[in-house]
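Right, one structure below, let's go through it.
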Amino acid sequence: MKLGQMLHGTPHADAPGAIQHARAYELLSKVVYLGDRRRMFSRLVDLAGVRPGDRVLDVGCGPGYLTALAAEAASPGGSALGIDPSEPMIKEGRRTRASANCSFEVDKAESLTAPDGSFDVVVSSLAVHHIPEDARGQAFAQVFRVLRPGGRVVLADFPPPRGRFGRLLVGATAGEVMRDNPVDRIAPMFVAAGFAGPVESRIGPFLHCVRAVKPD
Ligand SMILES: C[S@@+](CC[C@H](N)C(=O)[O-])C[C@H]1O[C@@H](n2cnc3c(N)ncnc32)[C@H](O)[C@@H]1O
């Protein structure tokens, strides 16, 4: 059984969808970044330009590691909300990382319940490839809707490995969705949703980042 299948809790874990095994995912995350997780995810928060007072939304937050860092950067005066369709993930986020300015709600990227213009910043890590492919355009449109004019968004996703060995390893462990993850389609989806100037960058080997702005 592949790692992805174990985490999803279904026999078809290669397909996009919610991750059910929150504690196993959190444990894996601690290991996989080789002690560098805080530095890498802090760089993501910096890239999004999170400032004190900002209202931040983390889409596909999982157990909330990035959400909590965003909440820290938004203090004092700001807050972060993590959303995820997986109830176990939201429960784990609430159990381990919720605070006065850091909260978690069950919700989906493609049908966000937040009001129009209610966030200054949207962040997301390793979640785009989990959104069903036919719902991704709608998810980007929702991110556009919930950001205020001038608001910023940074999405980071797993870049497909280039070498033969890396492709074999990722294909055998995580599955084809991660092995062939089309991160080059993120910037065009931002443009289609109405965002200005998508800019692509990398943080270490695991995060392909795309930053964009909702025009004023
Ligand atoms: C690989 S995890 C990333 C979690 C966290 N952002 C991190 O970096 O550790 C992907 C997350 O996307 C969530 N997800 C799946 N479908 C989604 C959707 N339609 N909208 C938002 N999140 C979704 C999964 O439940 C899972 O928690």
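The values are calculated or read from the model by the stated rules, or taken from the named source; none is laboratory data. These figures come from a predicted structure and were not determined experimentally. Methodologically, a virtual Cβ is constructed for each residue, glycine included, from the backbone with ideal geometry; neighbour enumeration extends over all protein chains shown. Only protein heavy atoms, including side chains, enter the accessible area calculation; ligands, DNA and RNA are left aside. Shrake-Rupley method; radii C 1.70, N 1.55, O 1.52, S 1.80 Å.
Data for the structure
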item: Where a residue in the stretch 78-100 is among the β-branched types (V, I, T) and its partner, wherever it lies, is within 13 Å of the ligand (Cβ to nearest atom) and open to solvent by 40 Å² or more (accessible area, probe 1.4 Å), with Cβ under 6 Å and at least six apart; result: I83/E105; I90/V106
item: Single residue of the stretch 113-124 satisfying the filter (touching a residue at least 40 places away in the same chain (Cβ under 8 Å) and touching a helix residue (DSSP H, G or I) at 6+ places or on another chain (Cβ under 9 Å)) that is nearest to the ligand (Cβ to nearest atom); result: S124
item: Criterion violated by A127 - all others in (1) within 7 Å of the ligand (Cβ to nearest atom); (2) small (G, A, S); (3) over 21 Å from V213 (Cα atoms) satisfied; result: (3)
item: In the stretch 100-111, residue farthest from the chain's Cα centre (by Cα) [restricted to those that are surrounded by fewer than 22 Cβ atoms within 10 Å (Cβ to Cβ) and more than 8 Å from the ligand (Cβ to nearest atom)]; result: A100
item: Near pairs, Cβ below 7 angstrom, 6+ apart or cross-chain, from the stretch 29-53 (open to solvent by less than 40 Å² (accessible area, probe 1.4 Å)) to any residue that is aromatic (F, W, Y); result: S29/Y65; R37/Y65; M40/Y33; F41/Y65
item: Options T173, T96; residue that is among the hydroxyl-bearing types (S, T, Y) and at pLDDT below 95; result: T173
item: All positions within the stretch 71-99 that are buried (at least 19 other Cβ atoms within 10 Å of the Cβ), more than 11 Å from the ligand (Cβ to nearest atom) and assigned to a helix (DSSP H, G or I); result: A71, A73, R97
item: Sole exception among (1) surrounded by 22 or more Cβ atoms within 10 Å (Cβ to Cβ); (2) at negative phi; (3) outside any strand (DSSP E or B) for D58, by number; result: (3)
